[in-house]
Amino acid sequence: MQTLQEKINYDKTFDCVQCGYCLPACPTYETMERETHSPRGRINLVKLVAEDKASIEDLREPIEKCLGCMACTTVCPTNVQYGQILEGAKEVIEDQRSESGKQSKVEDFLFESFFSSEKWMRTLGNLTWFYQKSGLQAFANRLSLTRFAPLHLEKIERVIPEQPSPKARAKRVNHYKPDGPAQAKVAFFTGCIMDGVFFETNQNTIELLVRSGLEVLLPEQQSCCGALHAHSGKIDDSRELAKRNIEAFEKAEVNYIVNNAGGCGARLIEYHHLFDEGSYWYDRAKRFVSKVKDVSQILVEVEGLEFTKPINRTVTYQPSCHMTNVQGITSPPLELIKKVPGITLKELDRLDFCCGSAGIYNIVNYEDSMDILDVKMKDVCGTQPESIITTNPGCLLQMKLGIEREGATETMDAVHLVDLLLEAEPKVNYKFC
Amino acid sequence: MNEWLQILNNHIPDQRILTDLADRYSYSFDASFGEHLPDVVVQAKSKEEVVHVMHIANRYKVPVYPRGQGTCLSGGPLPVHGGIVLDLSQWPKKIDLNVEDLTVNVSPSVLTANINKEAEKYRLMYAPDPSSAHVATIGGNLAENSGGPRGLKYGVTKDHVLGLELVTPEGEVIRTGGQTIKNVTGYDLTKLIVGSEGTLGVITEATLKLLPKPRAAQTIMISFDEVRTAGLAISQVLTSGILPSKMEIMDNASIRAVESFQPAGLPVDAAAIVIIELDGHPQTLEIETELVREIMSKIGATQIVIPNTKEEANKIWQSRKQVSPAIAKIKPTKVSEDATVPRSKIPDMMDRLKEIKETYNVELVVFGHAGDGNLHPNILCDQRDKEEMRRVEQAVEAIFEAAIDLGGTLSGEHGIGTMKAPFMENELGTVGVEMMKRIKDSWDPNHIMNPGKIFAERGQKLVLTDD
Ligand SMILES: Cc1cc2nc3c(=O)[nH]c(=O)nc-3n(C[C@H](O)[C@H](O)[C@H](O)COP(=O)(O)OP(=O)(O)OC[C@H]3O[C@@H](n4cnc5c(N)ncnc54)[C@H](O)[C@@H]3O)c2cc1C
Ligand code: SF4
Ligand code: SF4
């Protein structure tokens, strides 16, 4: 019992005074219409499981249906560590599942095949490219994608962007230098989904950094950030990945570690939570964390860009929940968008309402995710944008899905902030080394 | 399965009749103390559904507990005797403004702050402003007769209700009051229902009064090196012909808590600060601000801050808002009281609170709405420490006693619920409580409407632990 109480963060549940301030902020409380699917309800159930008044099975659905968007933590007046409570709950649920030997779910397959290493993600990227170019159904069969049919993976696939050829991928180097003296040396965290599915955006990110006068390294040994593992209760795996990244980036000896995915960034800045305070790895993680920056932060800080091409377009901005609620970054993306000449920014009514993508939530809980997306799209359509700007691959795909659902593909698109910025042609100022 | 549970299903869809353990536990609490598992949670979305539930409940003698968003601080929605939690928070939200009449019709699930937000679009306001207005439902506010800082000038919920629609415990629908400010037809049932804490029926609609929104507001923050002087200053302002919209007080412990939580530049050496908001026409405000300044410097205030911009003013109010979360950092469990005394007795009450703090050796912090005598003594403790909780229970009883001694009341805002029920007689006397019970008996002959609230059960005592 002792270990269950510890794992499930029983102590932390006492920080919740059940004031209910988080209720209006929680997307699942709004769409699922039950306190069971609210932050306060979830925390209460975690507490009850620790007190043996409810079973882990009772906790499963409410926890699996939580987006992990952390909007509740931003509004919570007593600073409840919901992120840690959620992760603890997931771990306990996952432990029970693997002990009971129940056959693995979708997540297992995804983790084993897609997210575990850079190689796999590259494979995914390449295969997606091949699939799109050739239209070969065989691809789907080979990866037993048919297993995902009820999970609507095909709907998500439809919105995956055009993929660069394997050749283009192979051309990437690991070290870029600006023209003049470098303002600082940064390492770029490529992220697995970003690199697999949005390779172009990653290239554009490097380009922006270099044009800002930064020297950019791409440490080869880097791996997945481990966010999706942690969100699925695979804390041990997540910890291993963290160690790998800490080592890889230490070797690079840089001033900053830059990423362009709000979800990954949120994981990276919490690496120290994976280790016991004061331990050797905790200290190493702390040093790593102190260098992590979102690309928008670093671009605002170094002020190295001047946009030359006006973009006469009405846009709206959908922030990544993890960037807002975990990393606490809200203004840099907006500052950058406003710098683009010609642009009209119309802000959403409910900026902090999750889009429903939430890692692989939209794959695993498709219907619930779409309910949330529909709320989001109503807000989006109210601003009548031509483009929706996002800062995270999951959100980007989800917004594309939302545009499809609204039947608005002719009039609206979704782009990563980085792509928009590069389109505005910031002054060039670099060469390959 | 219970017969009554099956019949419930006749008019209410499955997905809104919750019987899973996880769901039932999710409606077993509110923002106060105690955990009680209901047999079922029913989520009503229309008057007809409520009528259906009440018919069944009355026939089968099953208790029904109305619930809004469960932010109650006195145990009001807790299903203490099992039965049905009637969740009203998912009711379709309706805010129908009648701008020309300065009234608004609302459904019970509407969040109070949203009523004001709608009204402001037409330069009107819904005045009651409990600090939980952005979370709590208007149904809960009506049932608790909630109030906030603006109560000083504008009164509390009951002062803004023109009419109600109610489903009685026997499942009948009645309308009380109407759409007019003046209305003296029959007993004033509206006022009886407001503040009845869900014990007389389920509120299904309300007609509320709106006011013109004041043109401008001015904040003033004053520091004192003695709490008594602060109390005196408050009385002097109120007798000088000025009626501020808000007058809040923070004691030294709350000032320090805020400063170490989120520094805002508050004077940490002050014994107390008073934060005033004046509202009205900008020219009037200038004159009144000057008057307040004169009164304060004459009486010996140590510092007077008059912010020039909205941002500066917001910063001051923000720090007042931070008191609750800031003091929650002292210890995990927060027992928030709302004993209220006549305004002139604030200094005496402060003295009594200091004594209580020492006698029972508890972490006691005081802040609140000084302008209307509504203080919030908060005790910070740890629910897991049983011995400490016993002392806290005694301290709370002593606070109630002090308030009543000074001619005040057990509760200015949070209601009686389960928590204060054992103390009602001390304030109202045996006959006072008996008359209320008679009203309750005739409205709810089968005692199914939110039982266990307001009226103490035999041997009931204040309990601040969950088990
Ligand atoms: C942090 C915090 C700050 C607070 N600040 C204030 C404050 O400044 N001022 C203040 O007055 N209160 C305050 N409260 C207390 C609380 O928010 C109010 O009592 C509020 O009115 C409760 O609304 P609710 O929707 O949460 O109702 P609930 O808590 O769900 O229910 C409250 C009571 O109302 C009854 N009820 C609910 N809906 C109906 C209905 N439609 N018909 C009949 N009965 C019904 C319930 O049975 C129960 O007895 C605060 C609470 C918290 C947690
Ligand atoms: S806002 Fe924080 S303290 Fe309040 S109920 Fe939600 S999690 Fe608990
Ligand atoms: S993380 Fe998001 S979905 Fe989960 S409880 Fe918090 S607000 Fe709700």
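Say we look at region A:330-347 and pick out the residues that are part of a loop (DSSP other than H, G, I, E, B) and open to solvent by 10 Å² or more (accessible area, probe 1.4 Å); which of these is farthest from A:ILE269 (Cα to Cα)?
Step by step, filter region A:330-347, then rank; the result is A:GLY342.
For region B:408-467: of the residues being among the basic types (Lys, Arg) and open to solvent by less than 30 Å² (accessible area, probe 1.4 Å), which is farthest from the chain's Cα centre (by Cα)?
B:LYS440
Open to solvent by 20 Å² or more (accessible area, probe 1.4 Å) and within 30 Å of B:SER46 (Cβ to Cβ): does that describe B:GLU205?
yes
Tell me, yes or no, whether region B:363-381 has at least one residue that is in a helix (DSSP H, G or I) and among the charged types (D, E, K, R).
yes
Look at region A:50-73 and say how many of its residues are within 15 Å of ligand 3 (Cβ to nearest atom), open to solvent by 60 Å² or more (accessible area, probe 1.4 Å) and either in contact with a Ser or Thr (Cβ under 7 Å, 6 or more places away or on another chain) or at the interface with chain B (Cβ under 9 Å from one of its Cβ atoms) (or both).
Selection size over region A:50-73: 1.
Does any residue of region B:39-50 turn out to be away from chain A (no Cβ under 12 Å), in contact with a Ser or Thr (Cβ under 7 Å, 6 or more places away or on another chain) and open to solvent by less than 20 Å² (accessible area, probe 1.4 Å)?
Yes; the residues of region B:39-50 include at least one that is away from chain A (no Cβ under 12 Å), in contact with a Ser or Thr (Cβ under 7 Å, 6 or more places away or on another chain) and open to solvent by less than 20 Å² (accessible area, probe 1.4 Å).
State the number of residues belonging to region B:233-250 that are in contact (Cβ under 8 Å) with a residue 60 or more places away in the chain and open to solvent by 10 Å² or more (accessible area, probe 1.4 Å).
5
Yes/no matrix, rows are residues, columns are (1) within 14 Å of another protein chain (Cβ to nearest Cβ); (2) without any contact (Cβ under 8 Å) to a residue 60 or more places away in the chain:
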| residue | (1), (2) |
| --- | --- |
| B:PRO108 | no, no |
| B:LEU111 | yes, yes |
| B:ASN116 | no, yes |
| B:TYR122 | no, yes |
| B:TYR126 | no, no |
| B:HIS134 | yes, yes |
| B:ASN145 | no, no |
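For region B:24-38, which residues satisfy the criterion of being away from ligand 3 (no atom under 16 Å from the Cβ) and either in contact with a Ser or Thr (Cβ under 6 Å, 6 or more places away or on another chain) or farther than 15 Å from A:GLY41 by Cβ (or both)?
Selection gives B:ALA31, B:SER32, B:PHE33, B:GLY34, B:GLU35, B:HIS36, B:LEU37.
Would it be correct to say that B:ASN378 is within 21 Å of B:SER254 (Cα to Cα), more than 16 Å from ligand 2 (Cβ to nearest atom) and either of a type in the set (S, T, N, Q) or within 14 Å of another protein chain (Cβ to nearest Cβ) (or both)?
no
Does A:CYS76 satisfy being touching a residue at least 12 places away in the same chain (Cβ under 8 Å) and within 16 Å of ligand 1 (Cβ to nearest atom)?
Answer is yes for this residue.
Strands (runs of 3 or more DSSP E) wholly in region A:351-433 with at least 2 residues that are among the hydroxyl-bearing types (Ser, Thr, Tyr) - which ones?
Result: A:387-390.
Quick one: which of B:LEU5, B:LEU21, B:LEU102, B:LEU88 is within 11 Å of another protein chain (Cβ to nearest Cβ) and open to solvent by 10 Å² or more (accessible area, probe 1.4 Å)?
B:LEU21
If B:LYS61 passes every condition in (1) farther than 22 Å from A:GLY41 by Cβ; (2) in contact with a His (Cβ under 9 Å, 6 or more places away or on another chain); (3) assigned by TED's automatic domain parsing to the domain that holds B:ARG150 but one, which one does it miss?
It fails just one condition, (3).
Given the options A:GLY382, A:GLY407, A:GLY402, A:GLY359, name the one that is in the same structural domain as A:THR330 (by TED's automatic domain parsing) and open to solvent by less than 20 Å² (accessible area, probe 1.4 Å).
Selected residue: A:GLY402, the only one of A:GLY382, A:GLY407, A:GLY402, A:GLY359 that is in the same structural domain as A:THR330 (by TED's automatic domain parsing) and open to solvent by less than 20 Å² (accessible area, probe 1.4 Å).
Of B:VAL167, B:VAL161, which residue is among the hydrophobic types (A, V, I, L, M, F, W, C), farther than 13 Å from B:THR204 by Cα and buried (at least 20 other Cβ atoms within 10 Å of the Cβ)?
Going through B:VAL167, B:VAL161 in turn, the sole match is B:VAL161.
Are any of the residues in region A:291-305 away from ligand 3 (no atom under 16 Å from the Cβ), farther than 30 Å from A:THR383 by Cβ and either within 14 Å of chain B (Cβ to nearest Cβ) or open to solvent by 50 Å² or more (accessible area, probe 1.4 Å) (or both)?
yes
Quick one: which residue in B:THR309, B:THR302 is more than 14 Å from chain A (Cβ to nearest Cβ), over 30 Å from B:ALA398 (Cβ atoms), open to solvent by 40 Å² or more (accessible area, probe 1.4 Å) and without any contact (Cβ under 8 Å) to a residue 40 or more places away in the chain?
B:THR309
Looking at region A:15-33, which of its residues are away from ligand 1 (no atom under 14 Å from the Cβ), free of Cβ contacts under 8 Å to residues at least 60 places away in the same chain and either more than 7 Å from chain B (Cβ to nearest Cβ) or buried (at least 24 other Cβ atoms within 10 Å of the Cβ) (or both)?
The answer is A:CYS26, and nothing else.
With the checklist (1) crowded, with 20+ Cβ neighbours inside 10 Å; (2) outside any loop (DSSP other than H, G, I, E, B) in hand, flag the one item B:HIS55 doesn't pass.
Status for B:HIS55: all satisfied but (1).
Spot the failing condition for B:GLU397; the list is (1) out of contact with any helix residue (DSSP H, G or I) (no Cβ under 7 Å at 6 or more places or on another chain); (2) open to solvent by less than 20 Å² (accessible area, probe 1.4 Å); (3) in a helix (DSSP H, G or I), and only one is missed.
Checking B:GLU397 against (1) out of contact with any helix residue (DSSP H, G or I) (no Cβ under 7 Å at 6 or more places or on another chain); (2) open to solvent by less than 20 Å² (accessible area, probe 1.4 Å); (3) in a helix (DSSP H, G or I), the one that fails is (2).
With the condition kept exactly as written, say whether any residue in region A:21-39 is more than 10 Å from ligand 2 (Cβ to nearest atom), within 23 Å of A:ASP236 (Cα to Cα) and at pLDDT 95 or above.
Within region A:21-39, not a single residue is more than 10 Å from ligand 2 (Cβ to nearest atom), within 23 Å of A:ASP236 (Cα to Cα) and at pLDDT 95 or above.
Which of the residues belonging to region B:76-105 are in a loop (DSSP other than H, G, I, E, B) and either of a type in the set (A, V, I, L, M, F, W, C) or within 16 Å of ligand 2 (Cβ to nearest atom) (or both)?
If the condition is that a residue be in a loop (DSSP other than H, G, I, E, B) and either of a type in the set (A, V, I, L, M, F, W, C) or within 16 Å of ligand 2 (Cβ to nearest atom) (or both), then B:PRO77, B:LEU78, B:VAL80, B:LEU88, B:SER89, B:TRP91, B:VAL99, B:LEU102 are the ones that fit.
Could you list all residues from region B:343-379 that are of a type in the set (Val, Ile, Thr) and open to solvent by 70 Å² or more (accessible area, probe 1.4 Å)?
Answer for region B:343-379, where residues must be of a type in the set (Val, Ile, Thr) and open to solvent by 70 Å² or more (accessible area, probe 1.4 Å): just B:THR359.
I'm trying to understand the selection: among the residues of region A:34-49, which are more than 9 Å from every other protein chain (Cβ to nearest Cβ) and free of Cβ contacts under 8 Å to residues at least 40 places away in the same chain?
A:LYS47
Looking at region B:223-252, which of the residues that are in contact with a helix residue (DSSP H, G or I) (Cβ under 8 Å, 6 or more places away or on another chain) and of a type in the set (D, E, K, R) is farthest from B:ALA127 (Cα to Cα)?
This residue is B:ARG228.
Only residues that are of a type outside the set (Ser, Thr, Tyr) and away from ligand 2 (no atom under 13 Å from the Cβ): list them for region A:10-20, please.
The answer is A:ASP11, and nothing else.
The values are calculated or read from the model by the stated rules, or taken from the named source; none is laboratory data. On a predicted model such as this, the values are computed, not experimentally measured, just so you know. Because the Cβ atoms are built from the backbone with ideal geometry, glycine has one as well, and the counts that use them run over all protein chains shown. All accessible areas refer to the heavy atoms of the entire protein, side chains included, with ligands and DNA or RNA removed. Shrake-Rupley method; radii C 1.70, N 1.55, O 1.52, S 1.80 Å.
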